[in-house]
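Okay, so here's the structure we're looking at.
Derivation of every value follows stated rules applied to the coordinates shown; laboratory data play no part. As the structure is a prediction and not an experimental result, all values here were calculated from the model. Counting neighbours? That spans all protein chains shown, and the Cβs are built from the backbone with ideal geometry, glycine included.
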Amino acid sequence: MKIPISKRIKAVLGGASGMAGIYARDFRGKMIIVAFHRVNDEIPEDGLTCGSAKFEAFCRFFSEQFRIVPLSQQVAACQAGKDMGGTLSITFDDGYRDNHEVAAPILRRLGLPATFFVTTGFIGSGITAPWDSTLVPKPAWMSWDQVRSLKAQGFEIGAHTDTHIDLAASDPDTVRAELRTCRQRLEREVGGDVSLFAYPFGGVDNISPAALELVREAGFTCCVACHGCANPPVTDPFQLARIGIAEWYATPHQFGFELMREPLWRAATPVPGLASPR
């Protein structure tokens, strides 16, 4: 895939910034969570698909520029008011089979932790998500054995609802049922407590204050979005933003350059109406 000139220029500037030590100074003031969906060489790269070579290149860049930690460690630090600047956690959404077959072996080889947010109703099914309807071949979902294998390998498993609903567009009873079904099924199938939650679609308009409060009441310890911002070193774990890594970020150094210019998503300006952390 040909990289646009603007992204190549940013990559050059990013590489120069790294050599000059600017990355290190800037990144220590940010807590980063990145999000992937598919790591797949059979589907052209798009907003949700990243090739395996590109994924590995980004993982190596993350390792060089950040302290890579599990998402649960960032969440616990936020709860304790601990500065997590300079850290980065790697996450995945939905439950695609390539997460187990392609991404996990790369992560394991590089010794990197990651969190896999699972849409429980998709696992082991032949469902085609609406956003995948035009893809050839159709991407498959993990089996429950594969989800269990990820946990056995030391990766974290988080909740992503049962049917990938838009929380902001759903009534409270539906949201409660989705959260309860997803969590109970994960704990039954995989074992252990499931406390991490990422809301579907991930935009600021895809979760309402009322729905976010229901996530908290359901016993989850965080609620992560996916709308492309860095987090301050200490923030509300129910106000965590993630940066999606796919088609837009062509190279690691373009990502690094863009990240230096990225404004912080501040919990000081929370979703309107959300109660303060309890």
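Residue ranges 85-92, 186-193, 172-179, 99-106 sort as 85-92, 99-106, 172-179, 186-193 when ordered by packing (mean number of other C-beta atoms within 10 Å per residue, highest first).
In a reduced charge model with +1 at each Lys and Arg Cβ and -1 at each Asp and Glu Cβ, the chain shows a dipole moment near 900 debye about its Cα centre.
Can you compute log10 of I(q)/I(0) for the chain with the Debye formula, treating each Cα as one identical point scatterer, at q = 0.08, 0.12, 0.15, 0.17 Å⁻¹? Results for the chain at q = 0.08, 0.12, 0.15, 0.17 Å⁻¹ read -0.31, -0.71, -1.15, -1.47. Rounded if a/c is under 1.5, else prolate if a/b is larger than b/c, else oblate: which is the range 1-56, with a ≥ b ≥ c the root eigenvalues of its Cα gyration tensor? Verdict is oblate for the range 1-56. Converting phi to 3J(HN,Hα) with the Karplus coefficients 6.51, -1.76 and 1.60 and the offset θ = phi - 60°, the range 153-158 yields 7, x, 7, 8, 10, x Hz in sequence order, with x at every glycine or proline. Reducing the range 23-39 and the range 195-270 to their Cα centroids gives an inter-centroid distance of 11 Å. Taking amide hydrogens as placed 1.01 Å from N in the peptide plane, the amide H of ILE157 sits under 5 Å from those of PHE116, each at least 5 positions away in sequence or on another chain. Take the Cβ atoms of ALA53 and TRP131, set R0 to 25 Å, and the FRET efficiency comes out at 0.55. The spacing between the range 78-105 and the range 141-170, judged by their C-alpha centroids, is 13 Å. Going by the alpha-carbon gyration tensor, a ≥ b ≥ c the square roots of its eigenvalues, is the range 79-148 rounded (a/c under 1.5) or, if a/c is not under 1.5, prolate (a/b greater than b/c) versus oblate? Here the range 79-148 falls in the prolate category. Only helices enter this figure: runs of n ≥ 4 DSSP H residues, each worth -39500 (n - 2.57), summed and divided by the residues of the chain, yield -10500 deg cm²/dmol at 222 nm to the nearest 500. Extension gain, ASP205 to ARG188: 0.36 nm times the residue separation minus the Cα-Cα distance gives 3.0 nm.
Shape class of the range 68-193 from the alpha-carbon gyration tensor: oblate, with a/c at 1.5 or above and b/c at least as large as a/b.
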